[in-house]
Structure formats: structure tokens, C-alpha cells
Amino acid sequence: MADFNESVVLDAIRRHADGLSRVELARATGLSAQTVSNITRRLLDQGVAREAGKLNTGSGKPRTLLRVVPASRYALGVHLDPALITTVLVDLLGTVVARRSRRTPRGGDTDRIAAGMAASVSALVAGAGIDAGRVLGLGIAAPGPIDAAAGRVVDPPELPGWGRYPLRDRLSEATGFPALLDKDVTAAVVAERWAGAATDSRNLLFFYFGTGSGMGLVVEDTVLRGASGNAGEVGGLGAGFAVRTVVDEAISLGVLGAEYTVRDPADAQRGLERLAGLAAAGDRPAAGVVDRLAVRIGRGVCAAATLLDADNVVFGGPLWHLLDAPLLATIEPMVASSPFVRPVHPTTVATTTLGQDVAAIGAASLVLDSALSAQPHTLLLG
């Protein structure tokens, strides 16, 4: 219970950039003044929080504000994307302080690829000059499906040859950091709640657009993962969102040449970049391909937002930036006028503020969230 209460207090401080006083913390958390005082003393002793000026309330003596110390702790994140492997080091607020990326090797030598990922993690920490003892752990974001309990990727369609690979344990052993594995889209939605466009949202839908697509789901401030950690897979519906499908359509219509035929994820990205350029330049057939993609995404998002009763829809992923403006121009009015999304509450539509690395930042945010956020399940007995 003490650890849970400490997480509640730290989370409340973290969510208020200007800081909170002890009185405000007691009011915000429902904890007693004495409990808050004891917890804040521990946080100050640990260097996780600091006193940051006074708050003059107009009556009585000014109250001392408390703020998080971002550089007190760090987390690592690695995103295994079919096209690119990205590694980040973030501080306690989820701000990226170091980053590196490289093209994802093709072929089935998974041990060699995992060793390269581990070497990137270690090099990132060494290059940043960070004491490894201040790193809370390593988060891994991977394409689904995954076996979350076992820490394995499970035959990802765009990563042939990986089979049921124990990626979490291999990276933990190689780096010396405790590790977590989650789906890329789930990691992305955790990033949005920790440091992105939806830090105050309790009901959130995140649409992930990369080599593959999916939806990250938050209901009543809880990230939905499902029985095996694979919630958010959109199955056959997702085939209509896939970059491979979009590029193939453009080729079949003569918008793109046969040289853009998709052989691997890098080809798909190259084709999408060309399509985006043509559409932006006013090419009508290219714009038509993009418009039809937007309608498909809009319909799927409207249905999912209704199912979840979400009040916040965020779009992002490694390739979202290529088409964000034309896609949102169609999707946003679809959400606003949808017969499914009833105007009982406003539903905001936004693009991630975390850029193309949202899944890598999300991987690191998995660690921050697990270590520092209040986890109600820890209060269950037995």
C-alpha cells in the first residue's frame, strides 16, 4: 500500500508541470496530510522530486511547490519495426535525451539482430554519460502478435524468420537491464498518456500507421491489452490500412510504376513517400488513392471510438507524418459528423506530438509507467 500511495503522489506531481503543494496533493489524491508529508519526504530524499518555489494563496503562509526532477531516473526503449530499429533514452518525463536508429536487417539470423539491438542500447547509455544505476529498465516495442507473458514475438508477418523468439529475455541478458515487451501500438498509446497529446485523457483511441496498422486502446485510464497482450489488432480490417495495400493500389492504377512493387518494408515506405509527393503536387489519381485510404481509416476509427466511448483520438506511427494533413482533412470531419460518435461529449482528433519515434518512446514509457505509475492490480490479495 505504501508503494501504491507513493506512486499516486508522484503521478500527481508529474502531471502538473507547474508543481503542486502538499495541500494540493492531499486534495488531489485523497490521502491524509500526514501520509502526503511522509511520501514527499521520501521522494525528496530519493532525488525524484524537488521543492520549486512558493505558491501564494492570499491567506496564510505561502505553500511550497513540488516538482519532478526529470534527470533523476531514465528509461530505455527499443522499437523493432520491420523497416527500422530505433533506440531511445528518455528521462522521467519521457523527454528523449539520446537516440539512434538503423535499418532492420533482413533474414532469419535473429540472434545476430538481437545482439545488434543490445549493442545499440549499451552504446546509447555509454554515449549519454548516464550512470546505468539510474536507468529503470528497457522497454521493447514489437509488431504483433506477441506472447506478452513469455516475452516473445510470435511470427510477425512483416518479420519473416523470427518464429517464437524470446526477445525480452535475450535483450535483458545482453544488456543487464530488466526488460518489458509489448506491442508497438500498445507502447505508442502508453507514450501518449505519459508524454504526448493525451496525458489527461482517460478514454483514448490511438491509431498507429506504420508498416502495419493497429489501434491502441485506453478505457477509464487503463490500457487494454487483452488475454495475450494483442488487443488492438484489426485483423482483416487492417489490411485496408496497410502500406503494402495502398502502394499496390497505386501501382494497379498506374499512379506508381512497377519499380515500387513491395518486396520488403523499405520498398513500401519508398512507394508511400512517392505517392504522398504526387498527391501533394496535385496529381488527382494519387490524391484519390489517399482519399480512399482516409475514408477507410475514418470508418474504422469512428466504429472503434463508438465502441470505446472515447473522447480523444490520436494518430501517429512511423509513417503517419507522410500523409497526416490529407488524411486528417478527411477523417476529422468524419468523426465530427459520424452517426456513431454521438455528441454526448466532444471527441478531439489530434496528431501525436512525439513524432515518428512514438513507439520507441512508448517502449521506454512502458518502463516508466510500470515502475512509477499507480498500478491498482498490486493491491489485489492472493
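The values are calculated or read from the model by the stated rules, or taken from the named source; none is laboratory data. Predicted model, so just to flag it, every value in this text is computed and none were measured. As a convention, Cβ positions derive from the backbone with ideal geometry for all residues, glycine included, and neighbour counts pool all protein chains shown.
Figures for the structure shown
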{"quantity": "Test: residue in the range 195-210 that is under 24 Å from residue 118 (Cβ atoms) and surrounded by 24 or more Cβ atoms within 10 Å (Cβ to Cβ)", "calculated": "yes"}
{"quantity": "Residue 213 closer than 16 Å to residue 359 by Cβ, of a type in the set (S, T, N, Q) and buried (at least 17 other Cβ atoms within 10 Å of the Cβ)", "calculated": "yes"}
{"quantity": "Residue that is modelled with the highest pLDDT, among those in the range 23-49 that are basic (Lys, Arg) and more than 15 Å from residue 72 (Cβ to Cβ)", "calculated": "41"}
{"quantity": "Close pairs from the range 298-315: first surrounded by 18 or more Cβ atoms within 10 Å (Cβ to Cβ), partner of a type in the set (S, T, N, Q) and part of a strand (DSSP E or B), Cβ under 6 Å, at least 6 apart", "calculated": "312/348; 315/351"}
{"quantity": "Residues (at positive phi and in a loop (DSSP other than H, G, I, E, B)) located in the range 133-159", "calculated": "151, 155"}
{"quantity": "Any hit, the range 311-333, residues being part of a loop (DSSP other than H, G, I, E, B), more than 30 Å from residue 85 (Cα to Cα) and touching a His at 6+ places or on another chain (Cβ under 6 Å)", "calculated": "yes"}
{"quantity": "Residue in the range 286-294 that is surrounded by fewer than 21 Cβ atoms within 10 Å (Cβ to Cβ), at pLDDT 90 or above and either outside the structural domain of residue 208 (by TED's automatic domain parsing) or closer than 20 Å to residue 215 by Cβ (or both) present", "calculated": "yes"}
{"quantity": "Residue within the range 255-265 that is under 17 Å from residue 285 (Cα atoms), buried (at least 21 other Cβ atoms within 10 Å of the Cβ) and in the same structural domain as residue 331 (by TED's automatic domain parsing) present", "calculated": "yes"}
{"quantity": "Flag if residue 311 is among the acidic types (Asp, Glu), within 17 Å of residue 197 (Cα to Cα) and at pLDDT below 95", "calculated": "yes"}
{"quantity": "Which numbered condition residue 225 misses (of (1) surrounded by 20 or more Cβ atoms within 10 Å (Cβ to Cβ); (2) more than 20 Å from residue 104 (Cβ to Cβ); (3) among the basic types (Lys, Arg))", "calculated": "(1)"}
{"quantity": "Restricting the range 137-153 to residues that are within 20 Å of the chain's Cα centre (by Cα) and surrounded by fewer than 19 Cβ atoms within 10 Å (Cβ to Cβ), the residue that is farthest from residue 228 (Cα to Cα)", "calculated": "145"}
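Rundown of residues vs (1) farther than 24 Å from residue 91 by Cα; (2) under 16 Å from the mean Cα position of the chain (by Cα); (3) not assigned by TED's automatic domain parsing to the domain that holds residue 117, yes/no style:
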| residue | (1), (2), (3) |
| --- | --- |
| 172 | no, no, no |
| 175 | no, no, no |
| 184 | no, yes, no |
| 209 | yes, yes, yes |
| 231 | yes, yes, yes |
| 245 | yes, no, yes |
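The rows are residues; the columns are (1) free of Cβ contacts under 8 Å to residues at least 40 places away in the same chain; (2) over 20 Å from residue 171 (Cβ atoms); (3) surrounded by fewer than 22 Cβ atoms within 10 Å (Cβ to Cβ).
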residue	(1), (2), (3)
43	yes, yes, yes
53	yes, yes, yes
62	yes, yes, yes
66	no, yes, no
75	no, no, no
84	no, no, yes
100	yes, no, yes
